[in-house]
Amino acid sequence: MKLSRKFVSDYVSIDVDSKTLAEDMTSIGNEYDSCEKLIPATKLIVGEVIDCYDHPDSDHLHVCKVNIGKEVLQIVCGAPNVRTGLKVIVALDGAELPGGTIHKGMIRGQESNGMICAISELGLEHKFLTPKDIEGIHELPLEAEVGTDPIRFMELDDEVIDFELTSNRGDLLSILGMAYEIGALYDKEVRPMEVSYKEQKESIVGNFTLDIQTENCPLFLAKKVVGVTIKESPTFIKNRLIASGIRPINNVVDISNYVMLETGQPLHYYDADRLGEKLIVRMAKEGETLMTLDSQKRTLSSSDIVIATEKEVVGLAGVMGGLTTEIENDTKNILIESAIFHPTCIRKTSKKVLRSEASSRFEKGLDPRRTYLAIERSCHLLEKYADAKILSGMVEYKNLDISDKKVEISLEKINQVLGISLTKEEVSNILRRLQFPFEEKDAFYTITVPTRRIDVSIKEDIIEEVGRMYGMDRIQGKSMCLPVVPGTINPLRQAKRYLRRKLADLGLNETLSYALTKEEDGFQFTTVRPDSSIEKVKVLDPMSEERTTLRYSLLPSLLSIFEYNKARNLKDVSIFEIGKGFYRDEEGYHEEEKLAVLMTGVYRVGLKKESVDFYVVKGIMEDLLDSLGYRHRYDLVPTAEVKELHPGQSAKILLNNQEIGLIGKVHPSLVKEDIYVMELYLEQLLAFRVKKMQYKEISKYPSILKDVAFVVSKDLSAKEIQAVIKKAGGKLLTDIEVFDVYEGENVGENEKSIAFSLTFQDPSRTLSDEEVMAIFNRIIEEVEKKCKAQVRDK
Amino acid sequence: METQEKKRVIIESLEKDMKEVHSSRECQDLKVKYLGKKGLVTELTANMKDLSNEERKEVGQISNEVKNEVTEKITQLENHWKEEELNQKLEKERLDLSLPSKKFKRGSLHPFQRIIDDVEDFFVSMGYDVIDGPELETDENCFQRLNVPIGHPARDTQDTFYIDAEYLLRTQTSSTQARVMQANTEKTPIRMICPGKVYRRDDDATHSHQFGQVEGLVIDQNISLADLKGTLELFAKKMLGEDTKVRFRPSFFPFTEPSVEVDVTCFKCGGKGCPLCKQTGWIEVLGAGVVHPNVLRMGGYDPEVWTGFAFGTGLDRFAMFRYEIPDIRYLYTNDIRFLEQFDRKDEENEIK
């Protein structure tokens, strides 16, 4: 909202400078964006061209003698319309104009001591100017006094504060609302608006009918004026519109905007002769069309409110009028519409069509009293500045309650919520400044909230008003007195924090990426099959193709991070992220915390660098699972199901036979680097309970170690041999460790040698050699038999 | 030969032998030669049984002397060589300590998460519970129960990613307020924060379509704006430094009434005015207020009995402030050279 200081000063006196006003308004909740002079140019003076001749050395420049009162300046001027006898705006040496600073100097050998200005050079936006204002220097009326301030003469000596208002303060989208706010701020009276006019004998009543067919229009007022003269508006109206950001058009259109600015009530003036005797307000029919004022054909939908005659739609209610009934230069008779439309409907329509000064006011809600006031004020100004004759009577449709709201609140409640201790007198004084009529009895207030404050309706609103006026920042911070209770962090969050620290300690960098990804990323790096009942979650209205779908796995994100870094020649990438994966099934939407790891390149530095391989990532996986208490409970099951992973180097991670993650090498068809990834489904994982961490007796008796190497088929996994060993070893075999694997010359082509170190121990006694040898031999026998192995070494 | 004479010969021989010794192992050989079963010293007492008692006594005494002397000499020599050998070994094992170490690359924690950790720790220390809420939220929890009914301007669909008519990506962590109030069926006091990711259709240098927020909610009896201010003063000091001051400005949010915007003194200039704070000395960091009675009512709390405050703030901005990161997008780009910078313990309360 651009507030013209001159405009608001019609209704309230302001004793402070505009900057202070802007700051003080901010402190009561009305933030300002800028505070500037309407014409920021300096050192301007009214001059009279007393001589003007062609520049001897130019085909378009003129040399002018300009009387500025104290002296006569020679100024070189290029404007086509400069001539002797003109009153002009002179920018003196040193003047600051939006285009730069004016310096005296020589122009093609002729001294020039300033500049004769066009209006466009003073800093007014071009949309407010005529071509004449842009092309040539401004011609001041002859009564302009030489040597005086031309800005003041033109009544453009205004200042504009641009407020960024909160969405609840629709009332401040009006000069009157601002006047009440400033009045409350500085304890000043608000002056009444002039609304007097003479009415004709002829009445609108009986000659015009309204047919309101929708609930979305609770108030509609129509009044008719006749015999208007369309002409230019008086200067003050034009200037105030310009200061408020609205382009002046003609006196009638300008008055409708002027009254909207004053009262906050948007108006629409129809050419009454083109409109006919009846207006209908209804919802548009789907597909109906309207040619709006801006000469655009709009196709309407059933959520738009329209104003129509029997034969055509004449306006898009609250947003824009139609072309057929617009005010033209030959318009004589006007029908004034002042109405209230449902804010939500207007918002919907305006979003589709145009956000106008009118729609932005309708959207926030209006004060019905202003709907009446605006029509009165219109008549007053039309009579005064457009020679209008006002017909008596008004056609009125009203389907809303205009009575004041009552709010009851105690002083105690106000003080309790604000945490301060105001006295009765202080609160009463604030209510008086706000011009909220009230009664107070035993520190209990009954407050009548004026209808202009549509945002105030409950106790808490009153508390806020009192707080604002007292000064929110004067409230002193207190130490809350609440019972001492321990704060808690839920177990999932604790686990996530633990895992993040652990992974950082293991040398990985934590990343943060977007949950919205490309649709094709959706089910990459998962075992979800296209025909399963699990679906991707997509947003209805994505910002771009890149961000349409919520990710299911975090691995595609990590892979893009790798690509990003690779493009910058950073090829050692060990990263992880914890975030949510999303999907939908018959039960609805789901989101689950996942931990994803991607590793490639060097992970161990030093003279001999070590690069990541499958076993590094497997080690990290084991480290994480072991540290969470799941030792010996998980297992890798090789899988070729995940098409983004190497079929020979990938596995599902199972815990107690439930899939809790994936691990593997990224498929060489996707990337040429050796990239290893892992993803753990944290919620499934952490749902498994773990044993209490508890001391276990350390065996006092020595353990016996036996090594053995088998030659077996290459395809046989260590796990399969281990299972046989474990079964044959029984209870006394306490540990099995693979310590060597060999393939090559010394074994057959499809064979490998695999060496195990076996630990035997009994917690309650020392084992004898014979005993151990017996078990050991049994193990060897079993492995030879079940795994078709030969002992290579023992 | 007299025993005395034999003694002299042995000692002489030993001294000669000792000169030829160059290692601790050769000392062992000497021990065998002199003190072994068939050693020269042992031989002294070889034919004791043929001697008279007196002779025996004399021989015994002398041979003992020889034995002690020989043992001592050899031991001394052996110790000398052992020490010498150890010194040689140590010298040989001398390392160039300046060569590169063997280690994992140093990992790092993301600045955004570091801020979350700090925020959580602070509020847990004040007795708040840290609550998780879903990112895929219902319109009801994200808007309606926060006093933003259907059609309210504050929920302009331009800013919200809708999934369908009912579900959306939460635009604010405040949605968890509604959940916590409903979930607390006993209607006991609440003190909670909810940090997490939120989403809005908005992307430029200062806005990311995904960003972090933390929401705080306290519901109890007689909670006031002064309590809110006291809490936020402590929070600001913890996050931005001891000298930080807090300023309240009235504002508007649908879910609080009264509502305030909260500014903190600019940590760059300390409040004197600089480009970061646009010469005002203050930076807006937080929105807060007294919980709106409609929100309490919809959460099952009687506004005549209960009051509360709520606040919400952007976590990305705190990360940007603390680590002086100029562009929010850097947080989401994941350049390794960016990530690696956050590889150590945070300084205590350091901000400048």
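Give the residue, chosen from A:Gly748, A:Gly744, that is on the phi > 0 side of the Ramachandran plot and modelled with pLDDT under 90. If you could, list the steps in order and put the result at the bottom.
Details: A:Gly748 fails: on the phi > 0 side of the Ramachandran plot.
So the residue among A:Gly748, A:Gly744 that is on the phi > 0 side of the Ramachandran plot and modelled with pLDDT under 90 is A:Gly744.
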Exercise for the section: Might you let me know whether the range A:762-783 holds any residue that is in contact with a strand residue (DSSP E or B) (Cβ under 7 Å, 6 or more places away or on another chain), open to solvent by less than 70 Å² (accessible area, probe 1.4 Å) and of a type in the set (Gly, Ala, Ser)? Expected result: no
Handout entry: Scope the range A:428-464; condition part of a helix (DSSP H, G or I), surrounded by 15 or more Cβ atoms within 10 Å (Cβ to Cβ), free of Cβ contacts under 8 Å to residues at least 40 places away in the same chain and not polar (S, T, N, Q); matching residues
Key = A:Leu431, A:Glu464
Handout entry: In the range A:227-244, residue nearest to the chain's Cα centre (by Cα) [restricted to those that are under 20 Å from A:Lys389 (Cβ atoms) and open to solvent by 50 Å² or more (accessible area, probe 1.4 Å)]
Key = A:Lys231
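Among the residues of the range A:579-595, are any in the same structural domain as A:Ala515 (by TED's automatic domain parsing), open to solvent by 50 Å² or more (accessible area, probe 1.4 Å) and among the hydroxyl-bearing types (Ser, Thr, Tyr)?
No, the conditions are met nowhere in the range A:579-595.
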Exercise for the section: Could you grab the pairs with beta carbons closer than 7 Å, sequence gap of 6+ or different chains, first residue in the range A:142-155 and under 17 Å from A:Asn239 (Cβ atoms), second one in a helix (DSSP H, G or I)? Expected result: A:Ala144/A:Pro150; A:Ala144/A:Phe153; A:Glu155/A:Thr235; A:Glu155/A:Phe236; A:Glu155/A:Asn239
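Return the residue satisfying two criteria in turn: it lies in the range A:315-338 and is among the small types (Gly, Ala, Ser) and part of a strand (DSSP E or B), and of such residues it is surrounded by the fewest Cβ atoms within 10 Å (Cβ to Cβ). Spell out the reasoning first.
Of all residues in the range A:315-338, those among the small types (Gly, Ala, Ser) come to A:315, A:317-318, A:321-322, A:338.
Next, only the ones that are part of a strand (DSSP E or B) stay: A:315, A:321-322, A:338.
On the way: A:Gly315: 26, A:Gly321: 22, A:Gly322: 24, A:Ser338: 29.
In this case the residue turns out to be A:Gly321.
Only one residue in A:Gly507, A:Gly487, A:Gly477 is at the interface with chain B (Cβ under 7 Å from one of its Cβ atoms), closer than 30 Å to A:Met599 by Cβ and part of a loop (DSSP other than H, G, I, E, B). Which one? Quick ask: steps written out before the conclusion?
Numbers: A:Gly487 fails: closer than 30 Å to A:Met599 by Cβ; A:Gly477 fails: closer than 30 Å to A:Met599 by Cβ.
Step by step, each of A:Gly507, A:Gly487, A:Gly477 is checked, and only A:Gly507 is at the interface with chain B (Cβ under 7 Å from one of its Cβ atoms), closer than 30 Å to A:Met599 by Cβ and part of a loop (DSSP other than H, G, I, E, B).
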Exercise for the section: Run A:Ile578 past the list (1) more than 7 Å from chain B (Cβ to nearest Cβ); (2) under 22 Å from A:Gly664 (Cβ atoms); (3) touching a helix residue (DSSP H, G or I) at 6+ places or on another chain (Cβ under 9 Å); (4) without any contact (Cβ under 8 Å) to a residue 60 or more places away in the chain and report the number of the one that doesn't hold. Expected result: (4)
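Do we find a residue being closer than 30 Å to B:Phe338 by Cβ, among the β-branched types (Val, Ile, Thr) and out of contact with any Ser or Thr (no Cβ under 7 Å at 6 or more places or on another chain) anywhere in the range B:100-117?
We begin by selecting, within the range B:100-117, every residue closer than 30 Å to B:Phe338 by Cβ; these are B:100-117.
Imposing the further condition that a residue be among the β-branched types (Val, Ile, Thr) reduces the set to B:115-116.
Pick out the ones that are also out of contact with any Ser or Thr (no Cβ under 7 Å at 6 or more places or on another chain) and you get B:115-116.
Yes, because at least one residue in the range B:100-117 is closer than 30 Å to B:Phe338 by Cβ, among the β-branched types (Val, Ile, Thr) and out of contact with any Ser or Thr (no Cβ under 7 Å at 6 or more places or on another chain).
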Completion exercise
Taking the range A:10-56 and keeping residues open to solvent by 40 Å² or more (accessible area, probe 1.4 Å) and without any contact (Cβ under 8 Å) to a residue 40 or more places away in the chain leaves A:Asp17, A:Lys19, A:Thr20, A:Glu23, A:Ile50, A:Asp51, A:Tyr53, A:Asp54
Exercise for the section: Considering every residue within the range B:329-342, establish whether at least one is of a type in the set (Asp, Glu), more than 16 Å from B:Leu217 (Cα to Cα) and more than 25 Å from the chain's Cα centre (by Cα). Expected result: no
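Specify the residue that is least open to solvent (accessible area, probe 1.4 Å); the eligible residues are those in the range A:339-384 that are among the hydrophobic types (A, V, I, L, M, F, W, C) and over 30 Å from A:Ser196 (Cβ atoms). It would help to see each step written out before you state the result.
Step one: filter the range A:339-384 for residues among the hydrophobic types (A, V, I, L, M, F, W, C), giving A:339-341, A:345-346, A:353-354, A:358, A:362, A:366, A:373-375, A:379, A:381-382.
Retained after the next criterion (residues that are over 30 Å from A:Ser196 (Cβ atoms)): A:345-346, A:353-354.
Numbers: A:Cys345: 20, A:Ile346: 2, A:Val353: 31, A:Leu354: 72 Å².
The qualifying residue least open to solvent (accessible area, probe 1.4 Å) is A:Ile346.
I need the helices (runs of 4 or more DSSP H) fully contained in the range B:307-349, keeping only those with at least 2 residues that are open to solvent by 20 Å² or more (accessible area, probe 1.4 Å), more than 8 Å from chain A (Cβ to nearest Cβ) and more than 24 Å from B:Lys105 (Cα to Cα).
On the way: elements: B:315-323, B:330-333, B:336-339.
Ranges flagged: B:315-323.
For the range A:520-571, what are the residues that are of a type outside the set (A, V, I, L, M, F, W, C), away from chain B (no Cβ under 13 Å) and open to solvent by less than 70 Å² (accessible area, probe 1.4 Å)?
Going residue by residue through the range A:520-571, those that are of a type outside the set (A, V, I, L, M, F, W, C) are A:520-522, A:524, A:526-527, A:529-533, A:535-536, A:538, A:541-542, A:544-549, A:551-553, A:556-557, A:560, A:563-566, A:568-569, A:571.
Applying the additional criterion that residues be away from chain B (no Cβ under 13 Å) yields A:520-522, A:524, A:526-527, A:529-533, A:545, A:553, A:556.
Residues satisfying the conditions are A:Asp521, A:Gly522, A:Gln524, A:Thr526, A:Thr527, A:Ser532, A:Ser533, A:Ser553, A:Pro556.
So which residues in the range B:125-183 are part of a loop (DSSP other than H, G, I, E, B), farther than 22 Å from A:Phe582 by Cβ and within 7 Å of another protein chain (Cβ to nearest Cβ)?
So in the range B:125-183, the residues part of a loop (DSSP other than H, G, I, E, B) come out as B:126-128, B:131-135, B:143, B:147-152, B:156, B:160-161, B:163-166, B:170-174.
Now narrow it down to the ones that are farther than 22 Å from A:Phe582 by Cβ: B:126-128, B:147-152, B:156.
Correct list: B:Met126, B:Gly127, B:Tyr128, B:Gly151.
The values are calculated or read from the model by the stated rules, or taken from the named source; none is laboratory data. Nothing here was measured: the structure is a model prediction, and the numbers come from that model. Ideal geometry is used to build each Cβ from the backbone, glycine not excepted, and the neighbour counts take in all protein chains shown. Heavy atoms of the whole protein, side chains included, go into the accessibility calculation; ligands, DNA and RNA do not. Shrake-Rupley method; radii C 1.70, N 1.55, O 1.52, S 1.80 Å.
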